[in-house]
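See below for the structure under consideration.
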Amino acid sequence: MRFTKMQGLGNDYVYVNCFEEVVEEPEQTARAVCDRHFGIGADGLILIQPSNGADCRMEMYNADGSRGAMCGNGIRCVAKYVYEAGLVKSPRISVETDSGIRKVFCRVREGKVFLADVEMGIPVVGERELLEAGGSSYSFTPVELGNPHAVLFYSEIDGLDLRKIGPLIGKNSRFPGGVNVGFAKVDGCRSLKLRVWERGTGETMACGTGACAACAAAISMGFLKRKATVRLPGGDLEVTWAGPAYPMVMTGPAREVYRGEITL
């Protein structure tokens, strides 16, 4: 199987061009290729496929083989791949996902995509809730944005043990299908620091839908302006939300790491 390893702010995936390749057992393939000791090593597997309603389709699998509906960092890399491979001629690209069709605008320099703006959809922000888990109480804001998110706000997040707290919340019975858990710190009205425990993967270097979900929660609570920088372990994303009737727009980089071929 031929593949391309790509990353957006360190959130890395194995991409397969299914215009040319066939992946018959994607769940098993995801577990095999994502293993960082015995495989390629990645946060997930993304299959780039033909689409009847868009320029292409992305089918996403987490590192444990579970299916993901949408990936903000992943979709930027999909757009970069199809543009640079000549599968799409325009820098304005529509990508079909399990959560709907998303529009991506690629910023191109000397034929290469270096940044991309993604219309992420309109977030649905719920009321704050209290959850009891592991003998502690956690206050969170639920946000739906293609993927489900629970956003928690702290005065400091660097010292949090996400390997312990993440599964306590992410696998709680409150979320039958699991949930992505965002741990956020607001730094003024235009900046937010974030760490994310992603369902099916664990803590990642960056999470695009998580960044937008955290901003949506913070804006709804009056903590943040409608345009903000989200600082993640892997780097910064810019998030803009014009208002409740408008989709959020996320801007960030997309990078190719290397290409290869693997026998499964």
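The values are calculated or read from the model by the stated rules, or taken from the named source; none is laboratory data. All of these numbers come straight from a predicted model, not from anything done at the bench. Don't worry about glycine lacking a Cβ; one is built from the backbone with ideal geometry, like all the others, and counts go over all protein chains shown. Each accessible area value is taken on the protein alone, full model and side chains, heavy atoms only, with ligands, DNA and RNA left out. Shrake-Rupley method; radii C 1.70, N 1.55, O 1.52, S 1.80 Å.
Before moving on, here are some points about what is shown:
- Bridge orientation summary for region 104-231: considering DSSP beta bridges with both residues in this region, about 75 percent are antiparallel.
- Computed on the Cα trace of region 91-242, the radius of gyration divided by the Kirkwood hydrodynamic radius gives Rg/Rh = 0.98.
- Area projected by the alpha carbon convex hull of region 162-207, averaged over all directions, nm²: 3.6 nm²
- Of the peptides 89-100, 244-255, 8-19, the order by per-residue mean of other Cβ atoms within 10 Å, starting with the highest, comes out as 8-19, 244-255, 89-100.
- Within the chain, antiparallel bridges make up roughly 80 percent of the DSSP beta bridges whose residues both belong there.
- Taking 7 Å steps out from each Cα toward its Cβ at Arg226 and Thr263 produces label points 5.7 nm apart.
- Of every Cα-Cα pair in region 176-264, the percent that sits beyond 20 Å: 39 percent
- GluC sites (Glu not before Pro) lying in DSSP loop within region 131-206, provided at most 13 other Cβ fall within 10 Å: Glu156
- Working note: Cα gyration tensor of region 106-149, eigenvalues times five, square-rooted, sorted largest first, giving semi-axes of 38, 13, 6 Å.
- Nearest-20 debye value, region 175-264 charge dipole, Cβ charges on Lys, Arg, Asp, Glu: 340 debye
- Lys103, Lys225, ranked by accessible area, largest first (probe 1.4 Å): Lys103, Lys225
- For the chain, carbon and sulfur atoms together expose 48% of the accessible surface, with a 1.4 angstrom probe and every protein chain in place.
- The accessible area of Arg174, taken with all protein chains in place and a 1.4 Å probe, comes to roughly 100 Å².
- In the full protein context, the chain carries 44 Å² of accessible surface per residue, based on a 1.4 Å probe and ignoring ligands, DNA and RNA.
- Only helices enter this figure: runs of n ≥ 4 DSSP H residues, each worth -39500 (n - 2.57), summed and divided by the residues of the chain, yield -5000 deg cm²/dmol at 222 nm to the nearest 500.
- When the alpha carbon coordinates of region 1-115 are projected onto the principal axes, the ranges are 37, 29, 24 Å, largest first.
- Accessible area per residue (1.4 Å probe, heavy atoms of protein chains only) ranks Phe183, Phe38, Phe114 as Phe38, Phe114, Phe183, with the largest value leading.
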